[in-house]
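S.K.: This structure is in structure tokens; I'll ask about it shortly.
The values are calculated or read from the model by the stated rules, or taken from the named source; none is laboratory data. On a predicted model such as this, the values are computed, not experimentally measured, just so you know. A quick note on method: Cβ atoms are made from the backbone with ideal geometry, for glycine too, and the neighbour counts reach across all protein chains shown. Just the protein is used for accessible areas: all its heavy atoms, side chains included, with ligands, DNA and RNA removed. Shrake-Rupley method; radii C 1.70, N 1.55, O 1.52, S 1.80 Å.
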Amino acid sequence: MAYETLIVEVENHVALIKLNRPEALNALNSVLLSELAQALKIAEKNDKVRCIVLTGSEKAFAAGADIKEMADKTFVEMFSSDFFGAECKSLLANRKPVIAAVAGYALGGGCELAMMCDFIIAADTAKFGQPEINLGVIAGMGGSQRLTRFVGKSKSMDMHLTGRFMDAEEAERSGLVSRLVPAKKLMEEAMSAAQKIAEKSLLATKAAKEAVDRSYETTLSEGLLFERRLFHSLFATEDQKEGMAAFQEKREAQFRDK
Ligand code: CAA
């Protein structure tokens, strides 16, 4: 499938989705957001795909929502269309794991898009920020909620109120990113993480993703019960029998997603 704003490749069970609007530092306009939702849906439905990597360019993962496209909109237009609402829901509906591989700017909606992925691997050139305050607005794709959960209230307030950028080292120190690598190694690291995930049982992978995501939505006791019941349910799968047999027989497990 050909896209105007994305490059998509599927190799070795990994779908690599590259944001491709170099003239606008991958700013998220409506075409890009709708193509991204479509590409993610296709990857989710494709049985050959077991993990997804989302990336941008060396200079920018994405420099935010497209300011030029939004500038003249009215409140009524934004509210009536629930601007960003459908796109965010559709991005989050994906049940396969999605890794964000971030180099360069991840600002505003770009930072928010990275945070909507399951985890973030950052190049040492990455810069994260929620600079919407400089435009007379605030984050609109989850920044005030997600960044706060990642890095805590003080740092999140600092970022949202001053609009300052956080470099990759600070992002790793603060728990925003899971790994920090030299820029040259970014794609190798992200693809190798994706490959590792692709080798697991997709049933267990989806259960793990649901369980971790649930921790953001519920109380500890409900979350623990949810996790335990998912754990129990995996004993109905062939992959659990295979995984535990392979351990005892000292061989690699051959998962079949059954
Ligand atoms: N929207 C539209 N176009 C953008 C853009 C954006 N978010 N970010 C960059 N561009 C465009 C620039 O306008 C420029 O295009 P022209 O050459 O046609 O003018 C091109 O990309 C290159 O950008 P710069 O010349 O500005 O590059 P730079 O290296 O000097 O600066 C930058 C890089 C610091 C990232 C700067 O571009 C910048 O500050 N961008 C805006 C960042 C921002 O405010 N993001 C938040 C957007 S609002 C939002 O995201 C709301 C939300 O929560 C959903």
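S.K.: For the stretch 53-63, state whether one or more residues are assigned to a helix (DSSP H, G or I), over 30 Å from residue 207 (Cβ atoms) and basic (Lys, Arg).
M.R.: First, the residues of the stretch 53-63 that are assigned to a helix (DSSP H, G or I): none.
Among the residues of the stretch 53-63, not one is assigned to a helix (DSSP H, G or I), over 30 Å from residue 207 (Cβ atoms) and basic (Lys, Arg), which makes the answer no.
S.K.: Still on this structure, I have one more. For residues that are open to solvent by 10 Å² or more (accessible area, probe 1.4 Å) and in contact with a Phe, Trp or Tyr (Cβ under 9 Å, 6 or more places away or on another chain), scanning just the stretch 1-29, find the one that is nearest to the ligand (Cβ to nearest atom).
M.R.: Top of the filtered list is 25.
S.K.: Another question about this same structure. State whether the residues of the stretch 167-178 include one that is farther than 20 Å from residue 117 by Cβ and of a type outside the set (Asp, Glu).
M.R.: Within the stretch 167-178, none of the residues are farther than 20 Å from residue 117 by Cβ and of a type outside the set (Asp, Glu).
S.K.: Could you check, for the stretch 203-226, whether at least one of its residues is loosely packed, with under 13 Cβ neighbours inside 10 Å, out of contact with any Leu (no Cβ under 6 Å at 6 or more places or on another chain) and in contact (Cβ under 8 Å) with a residue 60 or more places away in the chain?
M.R.: The answer is yes, given that some residue of the stretch 203-226 is loosely packed, with under 13 Cβ neighbours inside 10 Å, out of contact with any Leu (no Cβ under 6 Å at 6 or more places or on another chain) and in contact (Cβ under 8 Å) with a residue 60 or more places away in the chain.
S.K.: So residue 120 ticks every box in (1) outside any helix (DSSP H, G or I); (2) within 15 Å of the ligand (Cβ to nearest atom); (3) surrounded by 15 or more Cβ atoms within 10 Å (Cβ to Cβ); (4) among the β-branched types (Val, Ile, Thr) but one. Which box is left unticked?
M.R.: The number of the failed condition is (2).
S.K.: Right, something else. Return the total of residues in the stretch 151-163 being touching a helix residue (DSSP H, G or I) at 6+ places or on another chain (Cβ under 7 Å) and surrounded by fewer than 18 Cβ atoms within 10 Å (Cβ to Cβ).
M.R.: Within the stretch 151-163, residues that are touching a helix residue (DSSP H, G or I) at 6+ places or on another chain (Cβ under 7 Å) and surrounded by fewer than 18 Cβ atoms within 10 Å (Cβ to Cβ) number 2.
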